[in-house]
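These notes concern the structure reproduced below.
The values are calculated or read from the model by the stated rules, or taken from the named source; none is laboratory data. Treat the numbers as computed from the prediction; the structure is a model and nothing was measured. Cβ placement follows ideal geometry from the backbone for every residue including glycine, while neighbour counts extend to all protein chains displayed. Each accessible area value is taken on the protein alone, full model and side chains, heavy atoms only, with ligands, DNA and RNA left out. Shrake-Rupley method; radii C 1.70, N 1.55, O 1.52, S 1.80 Å.
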Amino acid sequence: MNFLTLEKDYLQVLKEWRRDFHKFPEPGWLEFRTSAIIAEKLKSWGYDVYVGKEIVNGISLGVPNQSLEQAFYQKAVQSNVSSKWLEKMEAGKTGVIATFDTGIEGPTIAYRVDIDALPILESADEDHMPEKLNFRSENEGFMHACGHDSHATIGLGLAQQLMERKVMLRGKFIIIFQPAEEGVRGGSAIVSSPLLENIDYLFALHIGTGVPKGTFVAGVDGFLATSKFDVTIKGVAAHSGINAERGKNALLASAQATLALHSLPPHSEGVARVNVGTLQAGSGRNIIPSLAKMELEIRGETTAIHDFYEKRVQEIFNGIRAMYDVDIQVEKVGYALNIPSDQKLAKTLKETAKFQSAIHEIVEYKEFNSGSEDATFLMKHVQEQGGLACYSIIGTTLAADHHHEKFDIEEDDMLAALEIWLNVPFKIYEEMKENG
C-alpha cells in the first residue's frame, strides 16, 4: 500500500484551526460560530454543504434555554461569520454535513466528528498551555475539555485533503460534523437525515480516553447504553414552625429518591451505573421546600441491562410520588445505544495504521466498558442497512483527564489521526479489488 503522508508544516494549519475552536467553545445545540466556520471552509473547497435545520430531522433533546441561545447566537454574529449559515440554525438545530460525489462508481464512505464543548470554567493557571499560548476559552464557563475542538479540526483537515486528491477517489464521501455529543443528544436527532442513507463505511473516532500517545485502537466495543434525565419534583410550601403539616416536602422526596436510586443493586449480567449528579431544593431554612430539581443518568453494558434500570428508576419515582404526595416530572434529555464496531472494518483500519510513522502500537479491537457515545446511533443505522461502522481511538498525552479544567492534548496526534483516515479509502479500494 502506498501510504499518503502530509507535509509536517500542515500541522501548523491544524493547530490554528484547533486553537480557534478552543478559544471560542460552544455547548451542544449552540454551536453557531463553529458550524458556520466549518460550513464556509467546506463550501470553499467544493463540497455540497448542509447546515442546522437541513440536517436535524429528529427530536432535539436537552436544548439549552432561550437566554443562553441568544447569548451564543449574538457572539456568533459579532464574530463576523457569514449570516447565510447562521440563518439556517437555531437552538436545537446546529451542525454540518458535507457531501462530495466523485461521479465514479464506488463505495459511499462517511466520517463523523463531534464539535460541541462543555460547561466547565477553564483553568487560568500559567502552566495551562491554552493560557500560556493565549488560546484559553473566551466564553467564560465553557471550554473544550473533551477534545472535540481537535475532532472538528481532524474532520476539516480530512475534508480539505480528500478534495485535493479528488482525481484519485471513487464513490461518494460524507463528512458529518455532529452537534451535541455531550449529554448524548445529537446522534439521535440527525440519524434520520436523508443525507445519511446507504452508507457503506462509517468511521468515527475520539482522542485520548486513556490511550497512550503512539497507540491506535482501530475498533472498540462496549460503549455503555445510557439515558440522561432531568427530574422536577413539585410539592407545597408551608411555614416550618406554624403549619408544617400543610406542606409537601419536595426536598425530602428528592433526597429519598436519591438514596433509593443509589441503592439499586448491581446487575449480574454486566456493568451498570445509576448516578444522581445534581440535586437542588429549598429556598429558606423556615420554609417547607416546594420544589426540587435533579439530574441523573443510567448506564448499562447492554441495552437490556440499561432498560432494566430505567424501569427500576421509573418505579422509584412512582413510589416517591405516592409516599410524599408530590408531582414528579421525568424528562429524558439524552440517550445512546450499545453498538459494537465491525471487526472486519477494524482490521482494515489496523492495516492502514501500520504505515503511520507516529503510531508504535496498534490494538485491533478492544472492549471499552466505560463511557457512552451517540455515534452509536449512526453506527447502528449504517449496520442495519448492510454497511460497516467502526469507532477508533487515537492516543495522546493529556495534560489532565477528560472533563477537567486543565484538559489539553498534544496537537501532533491530530496529524496522525488525519493521515490514517485519509488513507483508509485507498485501503478499501485495494480490498475491494482483491475480493473481486
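Some points to look at:
- Once the Cα-Cα distance is subtracted from the 0.36 nm per residue extended length, the Asp327 to Ile59 segment shows a gain of 94.0 nm.
- Net +/- balance of residues flanking Glu181 in space, Cβ distance below 9 Å, scoring K and R +1, D and E -1: -4
- Nearest 10 degrees, 0 to 90: helix 148-164 Cα axis against the chain principal axis: 30 degrees
- Of Asp230, Asp221, Asp125, the residue with the greatest mean-square motion in the GNM of the chain, using alpha carbon springs below 10 Å, is Asp125.
- Å² per residue, accessible surface of the range 312-436 at 1.4 Å: 43 Å²
- Solvent-free Debye scattering, log10 I(q)/I(0), computed from the Cα coordinates of the range 1-92 at q = 0.15, 0.16 Å⁻¹: -0.67, -0.74
- Residue with peak Gaussian network fluctuation, the chain [Cα springs, cutoff 10 Å], from Thr376, Thr102, Thr215: Thr102
- Label of the coordinate-derived value, percent of Cα pairs over 36 Å apart, listed as (i) 42; (ii) 24; (iii) 29: (iii)
- Sulfur and carbon atoms: percent of accessible area, the range 180-247 [1.4 Å]: 52 percent
- Degrees between helix 32-44 axis and first principal axis of the chain (Cα, 0 to 90, nearest 10): 20 degrees
- Where a label projected 7 Å from the Cα of Lys347 along Cα→Cβ would reach, residues of the range 218-237 with amide N under 18 Å: 218-221
- Percent carbon-and-sulfur accessible area, the range 50-152, ignoring ligands, DNA and RNA, probe 1.4 Å: 47 percent
- Proximal lysines to Lys350, defined as alpha-carbon separation beneath 19 angstrom and excluding residues fewer than eight positions away on the same chain: Lys213, Lys366, Lys427, Lys433
- Taking 28 Å as the straight-line reach from the Cα of Lys332, the lysines in range (excluding those fewer than 8 positions away in the same chain) are Lys53, Lys88, Lys93, Lys228, Lys234, Lys248, Lys293, Lys311, Lys380.
- Nearest-0.05 FRET efficiency for Gln314 and Glu164, computed from C-beta distance (R0 60 Å): 0.70
- Protection proxy ranking of 69-76, 1-8, 153-160, by the mean of other Cβ atoms within 10 Å over each peptide's residues and highest first, is 153-160, 69-76, 1-8.
- Crossing angle, helix 303-324 versus the chain [Cα axis fit, 0-90 degrees, rounded to tens]: 20 degrees
- Computed over protein heavy atoms with a 1.4 Å probe, the accessible surface of the range 114-182 works out to 33 Å² per residue.
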